[in-house]
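The values are calculated or read from the model by the stated rules, or taken from the named source; none is laboratory data. Computed from a predicted model, the values in this text were never measured in an experiment. Heads up, the Cβs are rebuilt from the backbone with ideal geometry, glycines too, and the neighbour counts pull from every protein chain shown. We work out accessible area using only protein heavy atoms, side chains counted, and drop any ligands, DNA or RNA first. Shrake-Rupley method; radii C 1.70, N 1.55, O 1.52, S 1.80 Å.
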Amino acid sequence: EATTTAKFNAVAENKRVGDVYTFTINVISAVDDLIEEGITMFPNPANDQLTIKGLTENSNVKIMNAVGQLVYNGLIESSKAVINVSSLDNGVYILQIDANGKVLTTKFIKQ
């Protein structure tokens, strides 16, 4: 896991520069963790559906957008989930799977 810090200026339509906002972003690379647990996620990038296989029963699956807002939260009661992502804006999303008390996190791209 790596940390990146980014600074942004807020600019109004009248070109007046506002406050400077600083964000700290934790970059997570956990595809290997998913593979170790026997979980696969595809396609990546996704258009309409994201499929997750190898889940344990009663896994909690969350999807957060790039600013950390929860956009999907579901309890999956089987080993496979097909999640409709067609309504999500294009961009990078964080997928979090909580299975048997172990939390696995990775990212995917919505096109």
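Values for this structure:
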| read-out | value |
| --- | --- |
| First in the range 32-59 and open to solvent by 80 Å² or more (accessible area, probe 1.4 Å), second anywhere and at pLDDT 85 or above and among the basic types (Lys, Arg), Cβ under 7 Å, 6 or more apart | 53/80 |
| Matching residues, the range 90-104, being touching a residue at least 40 places away in the same chain (Cβ under 8 Å) and more than 17 Å from residue 46 (Cα to Cα) | 97, 99, 100, 102, 104 |
| The range 34-67: number of residues that are of a type in the set (Gly, Ala, Ser), assigned to a loop (DSSP other than H, G, I, E, B) and closer than 14 Å to residue 88 by Cα | 1 |
| Boolean, residue 9 is more than 24 Å from residue 111 (Cβ to Cβ), over 16 Å from the mean Cα position of the chain (by Cα), at pLDDT below 85 and in a strand (DSSP E or B) | yes |
| Residues that are more than 12 Å from the chain's Cα centre (by Cα), open to solvent by 30 Å² or more (accessible area, probe 1.4 Å) and closer than 17 Å to residue 47 by Cβ, drawn from the range 65-89 | 82, 84, 86, 87, 89 |
| Which listed residue, of 83, 94, is assigned to a strand (DSSP E or B) and at pLDDT below 95 | 94 |
